[in-house]
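A.B. asks: First the structure, which I've put down as structure tokens, then a few questions once you've had a look.
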Amino acid sequence: MDELSEDLELLPATRRALRRRIALAQSEGRAPSVVAAVARGGRIVWEGSRTSVPSHGPDGDVQYRIGSITKTFTAVLVMRLRDEGLLDLTDPLEKYLGGTGAGQATVAQLLSHTGGLAAETPGEWWERTPGSLRPELADVLGEQPFRHRPGTRHHYSNPGYTLLGALVEQLRGKPWAEVLRCEVLEPLGLDRTSTEPQAPHAGGWAVHPWADVMQPEPLEDLGLMAPAGQLWSTARDLARFAGFLLRGDERVLSTSSVREMRTAAAPPERGLAELGYGLGVQLLAHGDRRLAGHSGSLPGFVAGLWTSEADDVAVVVLANCTSGLASTAVAADLVAIVADAEPPFPEPWQPFREVDPVALDLCGPWYWGTSAQAVRLNADGSLELGPLAAGGRSARFRAEPDGSWTGLSGYYAGETLRAVRRADGTVSHLDLASFVFTREPYDDRAPVPGGVDPQGWRGIG
């Protein structure tokens, strides 16, 4: 075993803490069974389960319904269409899928639940009734699909993801399930993720809230609502999918596109621990830790898939009970157990193999007025601009073909950074969103806005 593999292995004390946490979850949540998996460094490093049936615990290959984690899979399909140039996220749905009555909502708004659509379908509870009761999009949306003006607030909408599934089918010319299998499941090796249960799979149970008895929940095909919550999967498959959400995979989506999915596109709701919602991805604060992933539930099942990019840890928790077990809280605790007990080793420092001399020329200290800043060149070729003192604005920038740089994060996201040169080719100053950064505080050789006092720096008196 090489050094990297040894670093990924969990210590016995950590493994015991993980086992104890899911044992508490199964006992206190009164779940017939719980199965969990932890991935670190891109591979599964732990699996565990707890069950009410002695000597019959599930493993990471047993299927459970994953509910709304399905939405993240649907969002991946939509992002693939965007990356191929087949749609723009800012376009209204009507441009691609007409006659729905909800066409004014944009693709991005549907992905981030800001399209203003109703939370649920009209009529009977769709999760516990056959999809054949809603054979058309009109049956899913009803006569008045909107509850809010599109783009004005976050309002979680299951029908919104039915529309996104229909959009995928419209642009691909194939059923949503077939597109998902060919474009995501097969490339990522998720051969135990499916729209229908495949043995071995858990049965879904409702546990009585005031007595230790239970009854089976009905198993329904969700029909048109499938893109919002149909999938079955296993702890192992979802742990692999979580690794993809952290790293990307060029066969499916690039690293930059999955990072975009994990970026807040909708503000958080007041009173909730959530940090907002990305593009098919929930964002959560757990203590000081920021998590990205999704929860899921359908009658008989609860599920949670959560990742911590900073710790390079992903966790999946699956249980076969309608309520009682807080899968998100359990998953967040499992992340913390691993990350706090065994923080990751930093990548070894290595010098550049090749360096861009133009970018290197921009490195070092700069001054925005009297505020000391620094530019660093990252290993991926991006620039990092940030204050030398605590606080202030930091941002990362991507190089563009014309020699400029585009902000990727923070206050300067989307803004253009340019190095302005003198006649002799040396850099006079940096221009960023009307701000001028100079090599010396208020350098009189640069066009500092408002000019520089001709007497220069001086003391009192």
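The values are calculated or read from the model by the stated rules, or taken from the named source; none is laboratory data. Because the structure is a prediction, the values reported are computed rather than measured. As a convention, Cβ positions derive from the backbone with ideal geometry for all residues, glycine included, and neighbour counts pool all protein chains shown.
A.B. asks: Given the options Leu318, Leu334, name the one that is touching a Leu at 6+ places or on another chain (Cβ under 7 Å) and assigned by TED's automatic domain parsing to the domain that holds Ala285.
C.D. replies: The unique qualifying residue is Leu334.
A.B. asks: Determine whether segment 402-414 contains at least one residue that is under 27 Å from Arg353 (Cα atoms) and either among the aromatic types (Phe, Trp, Tyr) or over 35 Å from the mean Cα position of the chain (by Cα) (or both).
C.D. replies: yes
A.B. asks: Regarding segment 20-41, can at least one residue be identified that is in a loop (DSSP other than H, G, I, E, B) and closer than 27 Å to Arg262 by Cα? Outline the logic, then answer.
C.D. replies: Here is the first cut: in segment 20-41, the ones in a loop (DSSP other than H, G, I, E, B) are 29-32, 41.
When the remaining residues are screened for being closer than 27 Å to Arg262 by Cα, the result is 41.
Yes: segment 20-41 contains one or more residues that are in a loop (DSSP other than H, G, I, E, B) and closer than 27 Å to Arg262 by Cα.
A.B. asks: Tell me the residue from Thr106, Thr70, Thr74, Thr100 that is among the polar types (S, T, N, Q) and either surrounded by fewer than 18 Cβ atoms within 10 Å (Cβ to Cβ) or touching a strand residue (DSSP E or B) at 6+ places or on another chain (Cβ under 6 Å) (or both), please. Step through it out loud before you land on a result.
C.D. replies: Working: Thr70 fails: either surrounded by fewer than 18 Cβ atoms within 10 Å (Cβ to Cβ) or touching a strand residue (DSSP E or B) at 6+ places or on another chain (Cβ under 6 Å) (or both); Thr74 fails: either surrounded by fewer than 18 Cβ atoms within 10 Å (Cβ to Cβ) or touching a strand residue (DSSP E or B) at 6+ places or on another chain (Cβ under 6 Å) (or both); Thr100 fails: either surrounded by fewer than 18 Cβ atoms within 10 Å (Cβ to Cβ) or touching a strand residue (DSSP E or B) at 6+ places or on another chain (Cβ under 6 Å) (or both).
Among Thr106, Thr70, Thr74, Thr100, only Thr106 is among the polar types (S, T, N, Q) and either surrounded by fewer than 18 Cβ atoms within 10 Å (Cβ to Cβ) or touching a strand residue (DSSP E or B) at 6+ places or on another chain (Cβ under 6 Å) (or both).
A.B. asks: May I pose another question? Across segment 169-178, what is the number of residues that are surrounded by fewer than 22 Cβ atoms within 10 Å (Cβ to Cβ) and of a type in the set (A, V, I, L, M, F, W, C)?
C.D. replies: 2
A.B. asks: Moving on. Select, from Pro200, Pro218, Pro187, the only residue that is more than 22 Å from Val302 (Cβ to Cβ) and either outside the structural domain of Arg43 (by TED's automatic domain parsing) or surrounded by fewer than 20 Cβ atoms within 10 Å (Cβ to Cβ) (or both).
C.D. replies: Pro187
A.B. asks: Among the residues in segment 78-99, are any assigned to a helix (DSSP H, G or I), touching a residue at least 40 places away in the same chain (Cβ under 8 Å), in contact with a Pro (Cβ under 6 Å, 6 or more places away or on another chain) and of a type outside the set (D, E, K, R)?
C.D. replies: no
A.B. asks: May I ask you to list the residues in segment 23-38 that are surrounded by fewer than 24 Cβ atoms within 10 Å (Cβ to Cβ), over 16 Å from Pro54 (Cβ atoms) and not basic (Lys, Arg)?
C.D. replies: Leu24, Glu28, Gly29
A.B. asks: So, one more: Which residues, taken from segment 387-418, are more than 19 Å from Thr263 (Cβ to Cβ) and among the small types (Gly, Ala, Ser)?
C.D. replies: Residues satisfying the conditions are Ala389, Ala390, Gly391, Gly392, Ala399, Gly403, Ser404.
A.B. asks: A further question follows. Just to be sure I understand, how many residues within segment 250-279 are hydroxyl-bearing (Ser, Thr, Tyr) and part of a loop (DSSP other than H, G, I, E, B)?
C.D. replies: Here the count works out to 2.
A.B. asks: If you take the residues in segment 307-336 that are without any contact (Cβ under 8 Å) to a residue 40 or more places away in the chain and within 17 Å of Leu275 (Cα to Cα), which one is farthest from the chain's Cα centre (by Cα)?
C.D. replies: The qualifying residue farthest from the chain's Cα centre (by Cα) is Ala329.
A.B. asks: Could you please let me know if Asp61 is at pLDDT 95 or above, among the acidic types (Asp, Glu) and over 17 Å from Leu180 (Cα atoms)?
C.D. replies: Yes, satisfied.
A.B. asks: Can you name every residue in segment 1-14 that is modelled with pLDDT of 95 or more, surrounded by fewer than 18 Cβ atoms within 10 Å (Cβ to Cβ) and assigned to a helix (DSSP H, G or I)?
C.D. replies: Pro12, Ala13
A.B. asks: Just to be sure, is Leu284 modelled with pLDDT of 95 or more and either among the hydrophobic types (A, V, I, L, M, F, W, C) or farther than 18 Å from Ala326 by Cα (or both)?
C.D. replies: Numbers: modelled with pLDDT of 95 or more: no; either among the hydrophobic types (A, V, I, L, M, F, W, C) or farther than 18 Å from Ala326 by Cα (or both): yes.
Taking the combined requirement at face value, the residue does not satisfy it.
A.B. asks: Then there is this: If the requirement is being surrounded by 15 or more Cβ atoms within 10 Å (Cβ to Cβ) and either in contact with a Phe, Trp or Tyr (Cβ under 9 Å, 6 or more places away or on another chain) or within 21 Å of Thr438 (Cβ to Cβ) (or both), which of these qualifies: Leu385, Leu360?
C.D. replies: Leu385
A.B. asks: Name the residue that is farthest from Ser68 (Cα to Cα), counting only residues in segment 140-168 that are hydroxyl-bearing (Ser, Thr, Tyr) and outside any helix (DSSP H, G or I).
C.D. replies: Thr152
A.B. asks: Can you give me the number of residues within segment 230-284 that are in contact with a helix residue (DSSP H, G or I) (Cβ under 8 Å, 6 or more places away or on another chain), hydroxyl-bearing (Ser, Thr, Tyr) and surrounded by fewer than 20 Cβ atoms within 10 Å (Cβ to Cβ)?
C.D. replies: Matching residues across segment 230-284 total 3.
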